[in-house]
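The values are calculated or read from the model by the stated rules, or taken from the named source; none is laboratory data. Here the structure is a predicted model, which is why all the values come from computation and not from measurement. Neighbour counts are summed over all protein chains in view; Cβ atoms, including those assigned to glycine, are modelled from backbone coordinates with ideal geometry. When the accessible area is computed, the model is the full protein with side chains, heavy atoms only, and any ligands, DNA or RNA have been set aside. Shrake-Rupley method; radii C 1.70, N 1.55, O 1.52, S 1.80 Å.
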Amino acid sequence: MIEAFQAKDIMTSELKIVMVDVKGNDERGVDIGGVYRDAISCFWQEFYDSSTLGERERVPSLRHDFQSNEWSAIGRILAKGFLDLGYFPSVLSQAFIASVLFGENSVNEETLLKSFQNYIAKDEHDIVAEALKGNLDVDELIDVLDRFGCRKVPNQENARDLILEVAHKEMVQKPQYVADAWRETLMILKGKEEVATIEGLSNLYQKVKPTNRKVLSMIEADPQNNSERAAVDFLKRFVRGMDQAQLNSFLRYVTGADVICVPHISVQFSTLDGLARRPIAHTCGSVLELPSTYDTFPELREEFTNILAKKMWQNDIM
């Protein structure tokens, strides 16, 4: 994808995605959205793993085999995915993206601190959060800040300023080469209402991030009998109990994308039984074919857990 997106005219081209399996054969699938979403999701997951630093929010990390052409291509993948599909890689640091779109002076302290606390590990997040509240543990905060090259000793008076300085270095300064490579392409996004302002960008991050409540609200079903009603109830019960990783996997299985970029998930019912009885997703239309033959909630939960754990995607089988 990086090689293909080095051509600038791809931004005005209509794309058709074909996925290739491990044997080099084209996979089945009609790309009317689902395969495209799946490819974009797959790309960003690979990118997070190989080319970023951070925990719940990440920033691009320079690597010797990526020069300006490669980084510019990645910026086009981001922009094209959003313009064509509404897909936005929300794991990328909000402070970093804001600095690309609106300049570093637009990144307020609240956004910078929030992104930094999501950038560091959970235990470090708790230490920083307590320090910002005035509950400073000097030794623990020194351990956190020292990892990022801080050369001053924190105290009650300077702790917040030191955290902000370190956050600015990590979120804005270090990925500046990438920001420069992305800026020209990402300016296209500012023509979209959702990304026209820094407040809109913040709202976009909230909009695309899956939560249990949001995913439940996306489910559309019209059960006609008690068995179908029970199947829907089991499905909603399972969704309510998902953690963040499961929510992302569930969306990826049903819609092709690991963020929210489709308006709804349509549930259709089947009466399959035996070994053939398992949920089947058709990502082209964000349709979940759900057997109405499950007698108990644990049965459906086990089936879905196995599907999501093994990433048994069956995209666009039609």
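Residues in the chain average 50 Å² of solvent-accessible surface per residue, probe 1.4 Å, ligands and nucleic acids excluded.
Full-extension gain between K209 and S68, please, as 0.36 nm times their residue separation minus the C-alpha to C-alpha distance.
47.8 nm
In summary, the aspartates and glutamates within cross-link reach of K80, defined as a Cα separation below 12 angstrom excluding same-chain residues under 8 places away, comprise D9, E14. Scaled to the globular estimate 2.2 N^0.38 Å, the Cα spread of segment 102-202, given as radius of gyration, is 1.22. Evaluated at q = 0.11 Å⁻¹, the base-10 log of the normalised Debye intensity for the chain, with identical point scatterers placed on the Cα atoms, takes the values -0.78. Here the alpha carbons of segment 69-112 define both size measures, Rg and Dmax, at 11.7, 33 Å. So what is Rg over Rh here for segment 1-133, counting just Cα atoms and using Kirkwood for Rh? In segment 1-133, Rg relative to Rh is 1.04. If R₀ is 41 angstrom, what is the calculated FRET efficiency for the pair D126 and K190, using the beta carbon separation as r and rounding to 0.05? FRET efficiency, D126 to K190: 0.70. With viscosity 1.002 mPa s and temperature 20 °C, the Kirkwood radius over alpha carbon pairs of segment 1-60 converts through Stokes-Einstein to a diffusion coefficient of 159 µm²/s.
Checking the Cα-Cα distances for K192/K236; K16/K209; K190/K310; K133/K214; K16/K122; K192/K310 against a 29 Å cut-off, the pairs over it are K192/K236; K190/K310; K133/K214; K16/K122; K192/K310. Of the residues F297, Y205, Y177, the one whose Cα sits farthest towards the positive end of the charge dipole of segment 169-318 is Y177 (charges of +1 on Lys and Arg Cβ, -1 on Asp and Glu Cβ, taken about the Cα centre).
How much of the accessible area of the chain, probe 1.4 Å, is carbon plus sulfur, in whole percent? Carbon-and-sulfur percentage of accessible area, whole number: 47.
Averaged over residues, the count of other Cβ atoms within 10 Å places the peptides 112-121, 126-135 in the sequence 112-121, 126-135, highest first.
Solvent-free Debye calculation, one equal scatterer per alpha-carbon of segment 260-309: log10 I(q)/I(0) at 0.15, 0.31 Å⁻¹ equals -0.43, -1.24. Between E3 and T296, the FRET efficiency estimated from the beta carbon spacing at R0 = 51 angstrom works out to 0.55. Based on every Cα atom in segment 188-318, Rg and the maximum pairwise Cα distance Dmax equal 16.0, 53 Å. Here is how the number arises for the chain: DSSP H runs of 4 or more residues each give -39500 (n - 2.57), the sum is divided by the residue count, and the result at 222 nm is -15000 deg cm²/dmol. When only the Cβ of Lys, Arg, Asp and Glu is charged (+1, +1, -1, -1), the dipole of the chain relative to its Cα centre reaches about 420 debye.
To test your reading of the geometry: what angle, between 0 and 90 degrees and rounded to tens, separates the Cα axis of helix 176-186 from the longest principal axis of the chain? Roughly 50 degrees between the two axes. For a straight C-alpha distance cut-off of 16 angstrom, the aspartates and glutamates reachable from K114 (same-chain residues fewer than eight places away being disregarded) are E55, E57, E104, D123, E124, D126, E130, D161, E165, E170, E199.
Rounded to the nearest 10 degrees, the inclination of helix 226-240 to the longest alpha-carbon principal axis of the chain is 10 degrees. Helix 244-255 and the long axis of the chain differ in direction by around 50°, with both axes built from C-alpha atoms. Spin-label model, Q173 to S227: label points 7 Å out along the Cα-to-beta-carbon direction sit 6.6 nm apart.
A Förster distance of 45 Å, applied to the separation of the beta-carbon atoms of D180 and N155, puts the FRET efficiency at 0.80.
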